[in-house]
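*Asks:* Here you go, one structure.
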Amino acid sequence: MSGPLQGIKVVELSAMGPAPHAAMMLADLGADVVRVVGPAPPVGGYDVGTHLQRSRTTVRADLKDAGDLAAVLDLVAEADVFLEGCRPGTTERLGLGPDECLAANPRLVYGRMTGWGQSGPLAPRAGHDINYIALTGALHAMGPAAQPMPPLNLVGDFGGGSMFVVTGILAALLERGRSGRGQVVDAAMVDGVSVLSQIILELRSVGMWTDARGTNLLDGAAPFYRTYACAGGGFVAVGAIEPQFYAALLDGLGVAGGPDGSLPDRDDPAQWPALAGVLARAFAARTREGWARVFDGVDACVTPVLTYAEAARHPHLAARGTLSGSGRNIVAAPAPRFSRSMTQSPDAAPSAAPNAGGNAGIESITNAWRAP
């Protein structure tokens, strides 16, 4: 068995963050990914050897050198996908823009991932995840009432960025099977984050979400959808939205509730602070591990809040092999999973092509890709 993308050849132009993450996902799914980096290792050693570069081959090329540039274009001519995450105009200046690459290979899917997109007033501007989610409205909705709080860089860079460029690439490959033609995929994080936000936009449109942070069902205001501190410093996450799960939550906590008014009304947002206080006092009576035992096997939607190291040891994730490793070295397994196709191992090492410091290494891969 092999990955579902076996036979798909990808040229990845080295970048930071979400672009290598997207390339990692394509390689995880079985694509043959060749990563092109500059002639010298980047500052900080962000190069061959990390799990973000797993399952693919790295070659070095000086794109200001005519010979190296020609070698990379020859490789692109044999590829199915070209992936870049540079600021708009960068690959054009290098001689690897869509015009040059599609002229060399009309069937090429040219994936471009940026924060602002290839067009619009902000397209040439710098930015980071926090800026992209801020402009889309998503950041305003996150965090406590007093101040927006960025949710790591998962929403913009990876949710709105790498996931959407991978989706676009796969869709363009599927369309190419009908048309025989490649095309450019413009994946902008501001677009992707906005699509991710559609459920919140929908709730807002029907009056079920307000722009006041910390007042809504899913932003930590609802006492049945938030985290609580436990004895000893740990936390639990509660997602008991449905009535049956909420009833199981109260039963596990040993908190009396019901129509007799013994608890503040969970359906009245004005009473949420009082109800949250009741639940907070109950959770504070035991440790996180103690509550994990109480709710083990109970459909109350209560789980411990784990660190990454703890998550790798959790029985469910361990049984699925979702995370592996320990301490600082935690690695995520490829996803999703398939009934017949085999994805790569999460420990698949990156490699360097023979003569990776010059275009001979690139030419050896090009020749292999040309072979029938």
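*Asks:* Taking 7 Å along the Cα-to-C-beta vector as the label spot, tell me the Leu52-Met142 distance in nanometres, rounded to one decimal.
*Replies:* Rounded to a tenth, the inter-label distance reads 1.7 nm.
*Asks:* I'd like the FRET efficiency for Ala371 and Ala319, computed as 1/(1 + (r/R0)^6) with the beta carbon distance as r and R0 of 56 Å, rounded to 0.05.
*Replies:* The pair Ala371/Ala319 has a calculated efficiency of 0.85.
*Asks:* Then there is this: In what sequence do Val294, Val331 fall when counting other Cβ within 10 Å, fewest first?
*Replies:* Lowest count first: Val331, Val294.
*Asks:* If each residue of separation counts as 0.36 nm, what is the full-extension length gain between Glu92 and Ala212 once their alpha-carbon separation is subtracted?
*Replies:* 38.9 nm
*Asks:* Dipole size in debye (nearest 20) for the chain around its Cα centre, Lys and Arg Cβ +1, Asp and Glu Cβ -1?
*Replies:* It works out to roughly 440 debye.
*Asks:* Describe numerically, in nm with one decimal, the distance between label points set 7 Å from Cα along Cα→Cβ at Ile199 and at Arg125.
*Replies:* 3.0
*Asks:* Can I ask one more? Put +1 on the Cβ of each Lys and Arg and -1 on the Cβ of each Asp and Glu in the chain; which of Gly232, Ser197, Gln118 then has its Cα farthest toward the positive end of the dipole?
*Replies:* Selected residue: Gly232.
*Asks:* Can you tell me the 0 to 90 degree angle between the C-alpha axis of helix 18-28 and the longest principal axis of the chain, rounded to 10?
*Replies:* 80
*Asks:* A further question on this structure: Could you give the distance between the Cα centres of the stretch 99-113 and the stretch 140-204, to the whole Å?
*Replies:* Between the Cα centres of the stretch 99-113 and the stretch 140-204 lies a distance of 22 Å.
Each value in this text was obtained by applying a stated rule to the coordinates, not by laboratory testing. Computed from a predicted structure; not experimentally measured. So basically every Cβ, Gly included, is an ideal-geometry build from the backbone, and we count neighbours across all protein chains shown.
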